[in-house]
Amino acid sequence: MKKLLLLTLILPFAFSCQKKEEPDIDRTKELAEYRKKLITLEPEQKLKDFSAKTISGKTFNTKDYLGKTLVIIVYRKDYLQKSDTYDMPAEMNRVYEATKDKANFIGILEDHDDDQKALHQMMKNSGILFDQIDNTQSTEKQKQILLGSFCYPLKTVIDKDGKIVYSKCGGHGEENLIEAINSLGEKQ
């Protein structure tokens, strides 16, 4: 009887410990799809095409900017308001004003936010002079763009051929950004 009881206790454990060979094909396909959709903003790479709705209701599509200089600023919502040490909207507006005749600008807000109405009001109240994309994720919606960005604010300049020629992270450094834009010549 003891042997039977011991056997009933050990058998389920023995079967659960067996190595199961499950095909990894689905996971590989999933990873390949993810990589296809992932937009990275690293220097010397060609920008992958993407499109998204802006907060003004327009559709932004990178294909529309081939042959033109494009500046993409990626940031989190806490950068929309001035802090004690950094005022990103003011800095981006100075860069925009200094180079708007040479480049097209788009802002992309990356974050998690469940109050879309308040977020859009915050984006409008920030005073940023160029259009912005709400790329936030919430319990109600997914991101529009799968960006591989982990440092904010990320300032990226794309040349007329779609190549990323400048990509720097962090606050301040507007002179370097203006210089990178100016080095590409006149806006088409």
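The values are calculated or read from the model by the stated rules, or taken from the named source; none is laboratory data. Being a predicted model, the structure only gives us computed values, none of them experimental. Here the Cβ positions follow ideal geometry from the backbone for every residue, glycine too, while neighbour counts run over all protein chains shown.
Details
- Put simply, of LYS143, LYS160 the only residue that is charged (D, E, K, R) and either at pLDDT 95 or above or loosely packed, with under 13 Cβ neighbours inside 10 Å (or both) is LYS160.
- From the options LYS58, LYS124, residue that is at pLDDT below 95, over 24 Å from ILE178 (Cβ atoms) and more than 18 Å from the chain's Cα centre (by Cα): LYS124
- Restricting ASP64, ASP26 to residues that are modelled with pLDDT of 95 or more and charged (D, E, K, R) narrows the list to ASP64.
- Single residue of region 131-140 satisfying the filter (out of contact with any helix residue (DSSP H, G or I) (no Cβ under 9 Å at 6 or more places or on another chain) and within 16 Å of LYS117 (Cα to Cα)) that is modelled with the highest pLDDT: ILE133
- First in region 142-157 and closer than 21 Å to LYS53 by Cβ and touching a residue at least 24 places away in the same chain (Cβ under 8 Å), second anywhere and outside any loop (DSSP other than H, G, I, E, B) and of a type in the set (Lys, Arg), Cβ under 9 Å, 6 or more apart: GLN144/LYS53; ILE145/LYS37; LEU146/LYS37; LEU154/LYS168; THR156/LYS168
- Strands (runs of 3 or more DSSP E) fully within region 34-86 counting 3 or more residues that are within 15 Å of LYS155 (Cα to Cα): 70-75
- Residue that is nearest to SER183 (Cα to Cα), among those in region 81-108 that are surrounded by 21 or more Cβ atoms within 10 Å (Cβ to Cβ) and either of a type in the set (Val, Ile, Thr) or at pLDDT below 95 (or both): THR99
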